[in-house]
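A short reminder: the numbers here are calculations on the coordinates, not readings from a lab. Nothing here was measured: the structure is a model prediction, and the numbers come from that model. All Cβ positions, glycine included, derive from the backbone under ideal geometry; neighbour counts span all protein chains shown.
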Amino acid sequence: MAKPLMVTDPSAGAAPAKAQAARMKFYVDVKRCIECGGCEVACKNENNVPMGIARIRVVTVNEGQTGETNVPIPCMHCTNAPCISVCPVDALFTRADGIVHVNKETCIGCGYCGYACPFGVPQYPSGLAFGQRGVMDKCTFCAGGPEKPLSDRERLMYGSNRVAEGKLPLCASVCATKALVAGDAVEVEKVVRQRVATRGYGESNWGWSTAYPTG
Amino acid sequence: MTPIIVMQSKWSDYGFVPLYLFLGGLAAGLFIVAVCADFAQAKSKGYATVAKLAAYTAIPAWALAGLFIAIHLGRPWRGVFFPWYFSNYGSWMVFGGWALLLSGPFIVVYAALWYFGIYPKVRRVIGIIGIPFAIWFAINTAMLLSGSQTVPFWPRSVLPVLFVNSGVLTGVAVAGLLLLLTYRYLPAVAELKQSMGQIILAGTVAVLVFELIEILILAFFLNYLSALAATPSRMGVNMSAVVFDYLVRGPLAVWFWVGLVGAGILIPLVLGVVELIVRRWEEQLAGVKFALLIVGGLLLRFIIVWGGEVKPIMPPLSGLLNPALFG
């Protein structure tokens, strides 16, 4: 049996081979998220995210009702990202490995991407003079930004660059229930297919043991 | 399902964007009213005053619209000098910037020609050429919203025509209210007093026509949202239904029914009909009607922006057996 969890397993140490050619993706399994907030804390800590900005959030839908669902929301690094298509100054772009980045030098802070993004991912600093929005900040897939990789400037402006170090995003790496899966789209898809197949046997078969058939 | 506002920063936070949408539509509407009144001079000289008031007022409306849309940016100066910075011509914000910039010269030159009282034929030609630019500007205030693509409350088939119609409606209202408030102090007061009844009647008829159009558009809008609500969403959450409820029964209901539909449309409509039937207290009735229409136009922009903050949350909530892979 394949070991799909390796795509986000920090003990595995390395990003998938051919990372530069990969199409990096997150998968959010809303059936597994327990709203522990570990991803949010890890992201804040790893990337020195400023106050008022959350590069990943766990949103609870139908709280206290039947069907309550917790949804971790990082940037999904869409293949056809609507944020890119609406940005008037081309501050957003897709890297060769599929990661959607923002260039903070170019961004004018119009907030248009915030409306285009189906996940509400773009964030803006608050508390600036005259209510100014500042420039956009978002999940970088822990891949830094359009600066020299692993430089001080990159770390200051965009946070850590774990991908350049051969690692995967910290939020997915620390996720206790593997609700967040990150990595090469091919590998992530294997995880998704396996979970679908596992759950396809029926509701009664649902449980931690069947969710992790390989143990 | 609970409506979800997932955005951390909203355009309504400081009101600059809704004000831009309102003032942009108003500037376009005032320009159109000014040109129409210019051509109506043949019927009554009083229309020249209406044209002047509308033309002059269009300038601050246009300038403030530009100021507000620039101020809301994180880097306002890059917005002011947008031709140097805006590069993505697939974005409606870029077209909006050009629409604002290109409509400006027509608005300013047209008003200047009125002010100096020269070249009336040139003025009218500029007015005629400028009208498509003004309409384009008003349409772009709507397309700024609709162009964001993922907001269920901002359909491309409704907002442009709604905003253009509302812009003309508020243009008539502002020009009419200004005329009512100032005509006693203007040099042409004697002439105006004679033609005031005719001008108010024309304004009332115009307002009634555009109000009826607005009611039809809003009815189509509600039908559009509710019809989509009947269609199951592939995401498992029907955001059209959520937004429809948010507007007609949720947090926006009071603003929508009492503010926009009641005070902003129906009361002015009734006042207009009463005015036409009774033929008394025209100035008072028209004054109240025009003021309410302006409030209605402003509320419309705020409601549209507020409603746009309720967005679909895309992860597969029904996803036990069907967890889609994004991207």
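Using only atoms on other chains, find how many Cβ atoms lie within 10 Å of each Cβ of peptide B:80-92 and report the average.
Values: counts 0, 0, 3, 0, 0, 6, 6, 6, 9, 1, 6, 11, 4.
Mean shielding by partner chains, rounded to a whole number: 4.
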| note | For the stretch A:16-113, one quarter of the surface area of the C-alpha convex hull, expressed in nm², comes to 8.2
| With axes computed from alpha carbons, what is the tilt in degrees of helix B:120-146 against the longest principal axis of chain B, rounded to the nearest 10 within 0 to 90? | 20
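Can you tell me, using C-alpha contacts under 8 Å and at least 6 residues apart, the relative contact order of the stretch B:2-68 as a whole percent?
Working: 56 pairs, mean separation 27.1, N = 67.
Answer for the stretch B:2-68 is 40 percent.
What do the square roots of 5 times the Cα gyration tensor eigenvalues come to for the stretch A:18-211, in whole Å, largest first, as semi-axes of the equivalent ellipsoid?
Numbers: eigenvalues 173, 77, 48 Å².
Each semi-axis is the square root of five times an eigenvalue, giving 29, 20, 16 Å.
Determine the sum of side-chain charges near B:P251: Lys and Arg each +1, Asp and Glu each -1, restricted to other residues whose C-beta is under 15 angstrom from that of B:P251.
For residues surrounding B:P251, the net value is +1.
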| query | Is there a simple number for the mean count of other chain Cβ atoms within 10 Å of the Cβ of residues in B:10-17, and what is it? | reply | 3
| task | May I ask you to derive the relative contact order of the stretch B:16-308, considering only C-alpha pairs under 8 Å and at least 6 residues apart, and to give it as an integer percent? | result | 23
| message | Roughly how far apart, in whole Å, are the Cα centres of the stretch B:92-160 and the stretch B:11-38? | response | 9
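Kirkwood Rh over alpha-carbon pairs of chain B, then Stokes-Einstein at 25 °C and 0.890 mPa s: what D in µm² s⁻¹, rounded to an integer? Walk me through the intermediate numbers first.
On the way: Rh = 21.0 Å.
For the chosen part, D equals 117 µm²/s.
Here is the link list: A:K138/B:K311; A:K31/B:K10; A:K167/B:K311; A:K44/A:K148; B:K193/B:K289; A:K190/B:K10. Which ones come out longer than 27 Å on Cα distance?
Values: A:K138/B:K311 18 Å; A:K31/B:K10 30 Å; A:K167/B:K311 33 Å; A:K44/A:K148 22 Å; B:K193/B:K289 20 Å; A:K190/B:K10 37 Å.
Beyond 27 Å between Cα atoms: A:K31/B:K10; A:K167/B:K311; A:K190/B:K10.
What does the net charge come to around B:A263 if you take all other residues with beta carbon closer than 13 Å to its beta carbon, with K and R at +1 and D and E at -1? Could you put the intermediate results ahead of the total?
Details: positive: B:K289; negative: B:E211.
Computed value for this residue: 0.
Taking each residue in A:102-115, count the Cβ atoms of any other chain within 10 Å of its Cβ, then average. What number comes out? Numbers along the way, then the final one.
On the way: counts 0, 0, 1, 0, 4, 4, 12, 8, 14, 10, 8, 2, 9, 16.
Whole-number average of other-chain Cβ neighbours for A:102-115 is 6.
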| request: Let me know the whole percent of all Cα-Cα pairs from the stretch B:11-64 that are separated by more than 13 Å. | output: 58
| query | Counting pairs of alpha carbon atoms under 8 Å apart in space and at least six apart in sequence, what relative contact order in percent does the stretch A:18-211 give? | reply | 26
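Using only Cα atoms, what Kirkwood radius does the stretch A:90-154 have, in angstroms? Let's see the in-between values first.
Working: mean 1/r = 0.0785 Å⁻¹.
Value: 12.7 Å, from the Cα pair sum.
Please compute the volume of the convex hull spanned by the alpha-carbon atoms of the protein assembly as shown and report it per residue in Å³.
Details: hull volume 81.2 nm³, N = 542.
Value for the protein assembly as shown: 150 Å³ per residue.
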